[in-house]
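Engineer: One structure, as structure tokens, below. Some questions next.
The values are calculated or read from the model by the stated rules, or taken from the named source; none is laboratory data. Nothing here was measured: the structure is a model prediction, and the numbers come from that model. A quick note on method: Cβ atoms are made from the backbone with ideal geometry, for glycine too, and the neighbour counts reach across all protein chains shown. In case anyone asks, the SASA skips ligands and DNA or RNA and just uses the protein heavy atoms, side chains included. Shrake-Rupley method; radii C 1.70, N 1.55, O 1.52, S 1.80 Å.
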Amino acid sequence: MIEFPFEHNKSYVDEIFRFLASPGGFQEGAFSEKLPTVGVTVISGSRWLANCSGFEIYQDPDAKCARIEELSWSDIMKEDDHLQLAFARENRDLSLSISSWLSGVLPVLYNDIDRKFGDNLPRFIIDDISGFMYSCVIFRSAVGNSPCINNLMFQCYLANGYPCGWSGAYPDGQMVVYSATP
């Protein structure tokens with residue numbers, strides 16, 4: 001298992017690595033609604049992952065019959081970037097050290113993600129999870145477990161779900177989470 005070598009927010013970053021080293025993935029069980037701290041809408045069933053038909057209504061406000069309003073899912077996922085950038089400006093040396101260390105452990109991080117989630121999932125979803133986990137390591141190393149979209153998404157992974165969109169207008173709506181079983 002990878003271990004975060006810096007003391008700054010170590011426990012929050014190590015939680016990601018423990019999660020990735022643990023067995024199972026979100027396709028192996030029902031979503032547990034006890035972890036997320038705000039409301040989520042759960043969708044389930046194999047048709048969602050077969051070709052991700054239907055995800056676009058929760059990701060693109062311009063999609064036919066869109067359930068997401070105003071901001072796209074990719075824009076919502078960037079809502080916390082200002083927190084990470086503020087940390088990087090105020091802690092330049094630590095931020096550069098963390099980035100340098102992380103680039104050295106990327107192959108191990110991606111192998112852990114492939115091992116945990118790789119079976120029976122389309123490659124683009126694995127790539128999406130990899131991108132999120134990478135940014136989650138950087139984000140949590142900077143701001144810890146502060147209440148924000150990034151940490152809510154990680155809570156959904158911990159609860160055996162795949163955050164895949166938003167229903168309503170952000171921040172008033174709900175995160176949409178895929179679960180293999182209802």
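Engineer: Only one residue in 103, 146, 135 is outside any helix (DSSP H, G or I) and out of contact with any helix residue (DSSP H, G or I) (no Cβ under 6 Å at 6 or more places or on another chain). Which one?
Structural biologist: Working: 103 fails: outside any helix (DSSP H, G or I); 135 fails: outside any helix (DSSP H, G or I).
Only one candidate qualifies: 146.
Engineer: With the requirement that a residue be modelled with pLDDT under 90, surrounded by fewer than 19 Cβ atoms within 10 Å (Cβ to Cβ) and not hydrophobic (A, V, I, L, M, F, W, C), what does the range 156-173 give you?
Structural biologist: Correct list: 171, 172.
Engineer: Okay, moving on. Can you list residue pairs whose Cβ atoms sit under 9 Å apart, with the first residue in the range 78-89 being in contact (Cβ under 8 Å) with a residue 40 or more places away in the chain and the second being among the hydrophobic types (A, V, I, L, M, F, W, C) and open to solvent by 70 Å² or more (accessible area, probe 1.4 Å)? Count only pairs 6 or more apart in sequence or on different chains.
Structural biologist: From the range 78-89, the pairs are 88/96.
Engineer: Any idea which of (1) in a helix (DSSP H, G or I); (2) crowded, with 16+ Cβ neighbours inside 10 Å; (3) of a type outside the set (Ser, Thr, Tyr) is the one residue 121 doesn't satisfy?
Structural biologist: Going through (1) in a helix (DSSP H, G or I); (2) crowded, with 16+ Cβ neighbours inside 10 Å; (3) of a type outside the set (Ser, Thr, Tyr) one by one, residue 121 breaks only (1).
Engineer: Contact list please: Cβ distance under 6 Å, first residue in the range 123-135 and free of Cβ contacts under 8 Å to residues at least 24 places away in the same chain and on the phi < 0 side of the Ramachandran plot, second residue aliphatic (A, V, I, L, M) and open to solvent by less than 60 Å² (accessible area, probe 1.4 Å), pairs at least six apart or on different chains.
Structural biologist: If the second residue must be aliphatic (A, V, I, L, M) and open to solvent by less than 60 Å² (accessible area, probe 1.4 Å), the pairs left are 130/113.
Engineer: Right, something else. Which pairs do you get when a residue that is in contact (Cβ under 8 Å) with a residue 40 or more places away in the chain, found in the range 1-13, comes within reach of a residue that is loosely packed, with under 11 Cβ neighbours inside 10 Å and in a loop (DSSP other than H, G, I, E, B), reach meaning Cβ atoms under 6 angstrom, with the pair 6+ apart or on two chains?
Structural biologist: none
Engineer: Based on what the data block shows, is residue 110 over 21 Å from residue 9 (Cβ atoms) and assigned to a strand (DSSP E or B)?
Structural biologist: Numbers: over 21 Å from residue 9 (Cβ atoms): yes; assigned to a strand (DSSP E or B): no.
For residue 110, the condition - over 21 Å from residue 9 (Cβ atoms) and assigned to a strand (DSSP E or B) - is not met.
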